[in-house]
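Asker: Starting off with a structure, shown below.
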Amino acid sequence: MVGRGDVSVDAWLAHGGGAPDPVTGAVVPSIPMATTFARGGDYALTSEEHGYVRDDDDAVRRVEAVVARLEGAAATRAFASGMAAITAVARSVPPGGTLLLQSSIYWGATAALRRLMDHHGVNLVEVDCTDLDVASAAIAEHGPDLVLVEAISNPMLGVVDVPALADAVHDVGGVLAVDATVPTPLSLRPLELGADLSIHSATKSLNGHSDVLAGLVSTFDADSEVWRFITAERKQVGAVLSPFSAWLLLRGLRTLPLRHDRSCRSAQKLAEHLDAHPNVVEVLYPGLDDHPGHALAWKHCTRGYGSLLSVRVAGGADAAIRVATALELCVTATSLGGVETLVEHRHTVEEGVTDVPEDLLRVSVGIEPAGDLIADWDRALATLD
C-alpha cells in the first residue's frame, strides 16, 4: 500500500514513509549506530553509499526522503537543530553580500544572524516583510543575495505573501528561504508557492514530543549553487542529525496528521474564546477573521493555521506573568509544537533582542481538548479580577 502513488500523505506517514523491512519484516525501522564503514581488499567501500556517518546514515536518509515528499521537494537535508539549518542557509551569502531578514521573528535566529553576518562581513537588513510594499521596496533597493522570512512569524503571528515575495526576490537574482515551522508542511509548502528553500525546526511540530533537536532544509532545485553550498556546509561543519534523533523524528512524523489537526482545532477554539475575554487585550492568531493576515493565511494554508497563538493580557507584564504562573494544565516552558500546551512570557525569554510586547504570552497548543484548555485559561485570567 505505501508504495502506491495514489495513497494519501496521511496513510503514507502512518507507515513511516515505507514498507516493513524486506529481510526481517520489522514494522519499525532499526537504528544504525555505526559512525564508519569498512572497506574491502582493494580499499573500495563495501557499500558506495556508506563511508562516514556525516553523510551516510540510513535513518537520516529515510527522514529526509519522507520530508522531501511532504514538501514537494527535490531534496531535503536534516541538521542537528533548527538553528543549524538556519545558519547553514545564511552562510551561503558571501562576504560583502546582503541578507534581508524579516523583523520580529524568532529571537534566537535574529540574535544569531546579527552576530554571524557581522562576523562574516555580510550586510544585514531587517525589514517588516508582512508589509509587502515595504518588503518589495527594500528588496529592490538592496538587491539581497538571500531573503529569509517566516511564513507565519513567531511570536507575533505575522503572515507573509510568499508568492509575491518570491517574485520580488527573483527579480533581483536573489534566493528566498521560508521558515514554515509554525504551519508545518501539512498546511503550507513554501516551495510550491515559489520559495527556493524551505526551513523547519523539526524540534517542534514535526517531531511533536519535546524530545528531539532537529532542523530541515528542502529545495526544489537540487542542482542550484546555493543547495550545493548547504549540503557541503552540513557535511564539512558536521551539523548532522544523529541516528537516534532521526529515528525519533520519524516516529513523530508518523502521527503528524493526527497531532496537527487536533492542535489546530484546539488553537482555533482557544483563540476565539480568549479574543472575547475581558481580561485579554488582543489575541494574535491567523485563524481569527480580524487578524490582518487572515485572508492571506486562508489563501495559502491548506490545513489549518497552526498551533501557535499569542495572547496580550490586560494589565501589562506583571498581569501576564501572573496569568502564566496561575495556569495548571498548561506548562510554562519554552518551545512549541509538542503534544502538551506550553506557555511562556516572551519578553522575559527574548531579553530585549526584539520588540515583543511585555504583556504577551506565547501559547503553543498541544493535543488536549479545547474545553480543558479554555477552563484552565478562564481560571488563570480570573486571578486578575
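Asker: Under 8 Å between Cβ atoms, at least 6 apart or on separate chains: pull out the pairs that start in segment 11-29 with a residue that is more than 16 Å from Ala246 (Cβ to Cβ) and end on any residue that is among the charged types (D, E, K, R) and surrounded by 10 or more Cβ atoms within 10 Å (Cβ to Cβ).
Answerer: From residues that are more than 16 Å from Ala246 (Cβ to Cβ), the pairs are Trp12/Arg69; Ala14/Arg254; His15/Arg254.
Asker: Quick one: which residue in Val28, Val23, Val63 is surrounded by 12 or more Cβ atoms within 10 Å (Cβ to Cβ) and out of contact with any Leu (no Cβ under 7 Å at 6 or more places or on another chain)?
Answerer: Val28
Asker: While we're looking at this one, here's another question. Considering only segment 363-385, state which residues are open to solvent by 10 Å² or more (accessible area, probe 1.4 Å) and not small (Gly, Ala, Ser).
Answerer: In the first step, residues of segment 363-385 are kept if they are open to solvent by 10 Å² or more (accessible area, probe 1.4 Å); the result is 367-372, 374-375, 378-379, 382-385.
Answer for segment 363-385, where residues must be open to solvent by 10 Å² or more (accessible area, probe 1.4 Å) and not small (Gly, Ala, Ser): Ile367, Glu368, Pro369, Asp372, Ile374, Asp378, Arg379, Thr383, Leu384, Asp385.
Asker: If we keep just the residues of segment 330-341 that are under 19 Å from Leu157 (Cβ atoms) and surrounded by fewer than 20 Cβ atoms within 10 Å (Cβ to Cβ), which is nearest to the chain's Cα centre (by Cα)? Steps first, answer last, please.
Answerer: Of the residues in segment 330-341, the ones under 19 Å from Leu157 (Cβ atoms) are 330, 334-338, 341.
So of that shortlist, the ones also surrounded by fewer than 20 Cβ atoms within 10 Å (Cβ to Cβ) come out as 334-335.
Numbers: Thr334: 15, Ser335: 11 Å.
Looking at the filtered set, the residue picked out is Ser335.
Asker: Need a quick list: strands (runs of 3 or more DSSP E) entirely within segment 116-192 having at least 2 residues that are at pLDDT 95 or above, open to solvent by 10 Å² or more (accessible area, probe 1.4 Å) and over 20 Å from Ser104 (Cα atoms).
Answerer: Hits in segment 116-192: none.
Asker: Additional query: For Asp42, indicate whether it is under 24 Å from Val7 (Cα atoms), out of contact with any strand residue (DSSP E or B) (no Cβ under 9 Å at 6 or more places or on another chain) and charged (D, E, K, R).
Answerer: On the way: under 24 Å from Val7 (Cα atoms): no; out of contact with any strand residue (DSSP E or B) (no Cβ under 9 Å at 6 or more places or on another chain): yes; charged (D, E, K, R): yes.
So Asp42 does not fit the description; no.
Asker: Can you find a residue that is part of a loop (DSSP other than H, G, I, E, B), open to solvent by 70 Å² or more (accessible area, probe 1.4 Å) and either touching a helix residue (DSSP H, G or I) at 6+ places or on another chain (Cβ under 7 Å) or among the β-branched types (Val, Ile, Thr) (or both) anywhere in segment 40-57? Don't jump to the end; show me each part of the working.
Answerer: Taking segment 40-57 as the starting set, the residues that turn out to be part of a loop (DSSP other than H, G, I, E, B) are 40-44, 46-51, 53-57.
Of the ones still in play, those that are also open to solvent by 70 Å² or more (accessible area, probe 1.4 Å) are 41-43, 46, 48-49, 54.
Restricting the remaining residues to those that are either touching a helix residue (DSSP H, G or I) at 6+ places or on another chain (Cβ under 7 Å) or among the β-branched types (Val, Ile, Thr) (or both) gives 46, 54.
The answer is yes, given that some residue of segment 40-57 is part of a loop (DSSP other than H, G, I, E, B), open to solvent by 70 Å² or more (accessible area, probe 1.4 Å) and either touching a helix residue (DSSP H, G or I) at 6+ places or on another chain (Cβ under 7 Å) or among the β-branched types (Val, Ile, Thr) (or both).
Asker: Inspect segment 221-230 for any residue being surrounded by 22 or more Cβ atoms within 10 Å (Cβ to Cβ) and hydroxyl-bearing (Ser, Thr, Tyr) and give the result as yes or no.
Answerer: Checked segment 221-230: no residue is surrounded by 22 or more Cβ atoms within 10 Å (Cβ to Cβ) and hydroxyl-bearing (Ser, Thr, Tyr).
Asker: Then there is this: Would you please list the contacts, defined by Cβ atoms under 7 Å and residues six or more apart or on different chains, that run from a residue in segment 309-329 that is under 24 Å from Gly158 (Cβ atoms) to a residue that is open to solvent by 20 Å² or more (accessible area, probe 1.4 Å) and among the β-branched types (Val, Ile, Thr)?
Answerer: Going by the 7 Å Cβ cut-off, the qualifying pairs are Arg312/Val281; Val313/Val281; Ala314/Val281; Val323/Thr383; Ala324/Thr332.
The values are calculated or read from the model by the stated rules, or taken from the named source; none is laboratory data. These numbers were taken from a predicted model, which means no experiment stands behind them. Every residue, glycine as well, gets a Cβ built from its backbone with ideal geometry; the counts of neighbours run over all protein chains shown. The protein model used for the area step is the full one, side chains on, heavy atoms only, and it has no ligands, DNA or RNA in it. Shrake-Rupley method; radii C 1.70, N 1.55, O 1.52, S 1.80 Å.
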